[in-house]
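The block underneath contains the structure these notes are about, expressed in structure tokens.
The values are calculated or read from the model by the stated rules, or taken from the named source; none is laboratory data. These figures come from a predicted structure and were not determined experimentally. Quick reminder, even Gly has a Cβ in these numbers, built from the backbone with ideal geometry, and neighbours come from all protein chains shown.
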Amino acid sequence: MRAILLICLSLLSLNLSYPQDHQKKTPNVKLEDLDGKKVQLKSYLGKGPVLISFWATWCKPCQEELAEYQKIYNDYKSKGFQMLGISIDDEKTVAKVKPYIKSKNYNFTVLLDSNSDAAREFYVQDVPNTFLVDKKGNIVSSHHGYKRGDELELKKNIEELLK
């Protein structure tokens, strides 16, 4: 038991001391936007922090989260903050994405990942799943699931990146 504890503590200390310049880079995937235009994820990098939120129309926590993220996007978009909502709706439900976004008046960029190519690149297992990326393309934080209040920590992280 003691050996297991020592191993866990050693692994934890390695994780805490991992250099910042070796953070995981954002995969460069190519996806379609709601108008059918192909875009590369990397085209959104370099201007400021980017929030990447994987979601689906059938996911109730995703719907709650996107409403909060829209507020955050409105607060920070003039400072260079960008948001990408990546829908993982498959061929059975992808037709619901555009009407859903329009009905909520969301004005952040929405991309379609019907084949889950981007989700696989980001190792997304479930939704909602959020990544915050700095302007250099490093994933600086990630979070899966949603409960009211999660957005407060995200706002702090965004504000830090905007300094």
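Within the option set 42, 47, being assigned to a loop (DSSP other than H, G, I, E, B) and either buried (at least 19 other Cβ atoms within 10 Å of the Cβ) or of a type outside the set (Ser, Thr, Tyr) (or both) holds for one residue only, 47. The residues of the range 108-144 that are among the polar types (S, T, N, Q) and within 18 Å of residue 154 (Cβ to Cβ), listed by number, are 109, 129, 130, 138, 141, 142. Within the range 152-163, being over 12 Å from the mean Cα position of the chain (by Cα) and either surrounded by 14 or more Cβ atoms within 10 Å (Cβ to Cβ) or among the hydroxyl-bearing types (Ser, Thr, Tyr) (or both) holds for 155, 157, 158, 159, 161.
Residue check: residue 142 meets all listed conditions (1) surrounded by 15 or more Cβ atoms within 10 Å (Cβ to Cβ); (2) more than 19 Å from residue 45 (Cα to Cα); (3) out of contact with any Ser or Thr (no Cβ under 6 Å at 6 or more places or on another chain) but one, namely (2). Restricted to the range 72-123, and to residues there that are touching a Leu at 6+ places or on another chain (Cβ under 8 Å) and among the hydroxyl-bearing types (Ser, Thr, Tyr), the residue that is farthest from residue 160 (Cα to Cα) is 87.
Looking across the range 36-71, the residues that are polar (S, T, N, Q) and over 12 Å from the mean Cα position of the chain (by Cα) come down to 40, 43, 57, 63, 70. In the set (1) farther than 18 Å from residue 73 by Cα; (2) surrounded by 15 or more Cβ atoms within 10 Å (Cβ to Cβ), the condition left unmet by residue 136 is number (2). Within the range 57-80, being of a type in the set (S, T, N, Q) and either closer than 22 Å to residue 150 by Cβ or assigned to a loop (DSSP other than H, G, I, E, B) (or both) holds for 57, 63, 70, 74. Residue 43 meets all of the listed conditions (1) under 18 Å from residue 141 (Cα atoms); (2) at pLDDT below 95 but one, namely (1).
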